[in-house]
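Q: The structure under discussion is supplied below as structure tokens; questions concerning it will follow.
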Amino acid sequence: MMRATPIQRLVDYRTQEHYYKDRLTERTFQRIVGGLAFPFNSSSGHAVVLGEILRKDPEMHQHHVFVLGETKSDDFQELLSRVAMLQDRTLCKEWMTPMDNNNVLLVDDYNEEHRYRMRKAPVELNSPPMYDRSEKSEVFRFYDRLVAKRTTKRKTLHFGDCEVAGHYQTLQPADLKRHPEEFPPVAAFLYALAELDLGTMGNRYQGQTAKVADTIGGW
């Protein structure tokens, strides 16, 4: 399974700033970020690409976010191949995944064997913001609140017909006490959303550096 929206990169000739355009809907985006979650037990690995709309909604005071693509596979090498195709189609160059996962090393091997040989941009990975191996359940709850903030009173998060929406709806409160990587489709989506809302380049909190526990308490 793979679904991907074709994206083109453009330049605003007045400001000389780069932005992205959905070839099908003509929506414009200021940033595109992907999340990657590796297979876990019997669950397939999953990748999700999100796009952040170029202009902030004046009424909601927030940028809308759309799912631009997703893919999954039980096989690790097949998953990386699909991620690479997703990257080429959506122009996603930022992929978020916990860097403490041993599978990350295999991504370097994949880049050497495939991407560099084909003279294409490698699949580059970074850890999602505020991710800490010793506090994964805490991070899971915090990431879930990012979704709630965008869907409860003001809808600025748009799943479309992606599979992630169905997986997210099946989550139970008790699941948030577990580790996000146990739910690959949800984890991939949350990694990307967290980077858009909290990451260094997309930080909406003016350089906030509070620990997750403190941020949750004051949300």
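Q: Scanning for something small (Gly, Ala, Ser), touching a Leu at 6+ places or on another chain (Cβ under 9 Å), buried (at least 18 other Cβ atoms within 10 Å of the Cβ) and without any contact (Cβ under 8 Å) to a residue 60 or more places away in the chain, does the stretch 46-60 turn up at least one residue? Step through it out loud before you land on a result.
A: The first filter runs over the stretch 46-60 and keeps only residues small (Gly, Ala, Ser), leaving 47, 51.
Imposing the further condition that a residue be touching a Leu at 6+ places or on another chain (Cβ under 9 Å) reduces the set to 47, 51.
Imposing the further condition that a residue be buried (at least 18 other Cβ atoms within 10 Å of the Cβ) reduces the set to 47, 51.
From what's left, without any contact (Cβ under 8 Å) to a residue 60 or more places away in the chain: 51.
Yes: one or more hits.
Q: Output the number of residues of the stretch 64-87 satisfying the condition of being open to solvent by 20 Å² or more (accessible area, probe 1.4 Å) and more than 12 Å from the chain's Cα centre (by Cα).
A: Residues that pass the stated criteria total 10.
Q: Within the stretch 94-128, count every residue that is open to solvent by less than 20 Å² (accessible area, probe 1.4 Å), under 21 Å from Glu182 (Cβ atoms) and either in a helix (DSSP H, G or I) or out of contact with any strand residue (DSSP E or B) (no Cβ under 8 Å at 6 or more places or on another chain) (or both).
A: Summing the residues that are open to solvent by less than 20 Å² (accessible area, probe 1.4 Å), under 21 Å from Glu182 (Cβ atoms) and either in a helix (DSSP H, G or I) or out of contact with any strand residue (DSSP E or B) (no Cβ under 8 Å at 6 or more places or on another chain) (or both) in the stretch 94-128 gives 3.
Q: Among the residues of the stretch 15-38, are any touching a helix residue (DSSP H, G or I) at 6+ places or on another chain (Cβ under 8 Å), closer than 29 Å to Ser137 by Cα and either part of a loop (DSSP other than H, G, I, E, B) or acidic (Asp, Glu) (or both)?
A: yes
Q: Restrict the check to the stretch 5-23 and report whether at least one residue is without any contact (Cβ under 8 Å) to a residue 60 or more places away in the chain, polar (S, T, N, Q), surrounded by 10 or more Cβ atoms within 10 Å (Cβ to Cβ) and touching a strand residue (DSSP E or B) at 6+ places or on another chain (Cβ under 8 Å).
A: There is no residue in the stretch 5-23 that is without any contact (Cβ under 8 Å) to a residue 60 or more places away in the chain, polar (S, T, N, Q), surrounded by 10 or more Cβ atoms within 10 Å (Cβ to Cβ) and touching a strand residue (DSSP E or B) at 6+ places or on another chain (Cβ under 8 Å).
Q: Collect the residues in the stretch 138-184 that are in a helix (DSSP H, G or I), open to solvent by less than 40 Å² (accessible area, probe 1.4 Å) and of a type in the set (Ser, Thr, Tyr), keeping them in residue-number order.
A: Result: Tyr143, Tyr168.
The values are calculated or read from the model by the stated rules, or taken from the named source; none is laboratory data. This is a predicted model, so every value here is computed, not measured. Quick reminder, even Gly has a Cβ in these numbers, built from the backbone with ideal geometry, and neighbours come from all protein chains shown. The accessibility values were calculated without ligands, DNA or RNA, using every heavy atom of the protein model including side chains. Shrake-Rupley method; radii C 1.70, N 1.55, O 1.52, S 1.80 Å.
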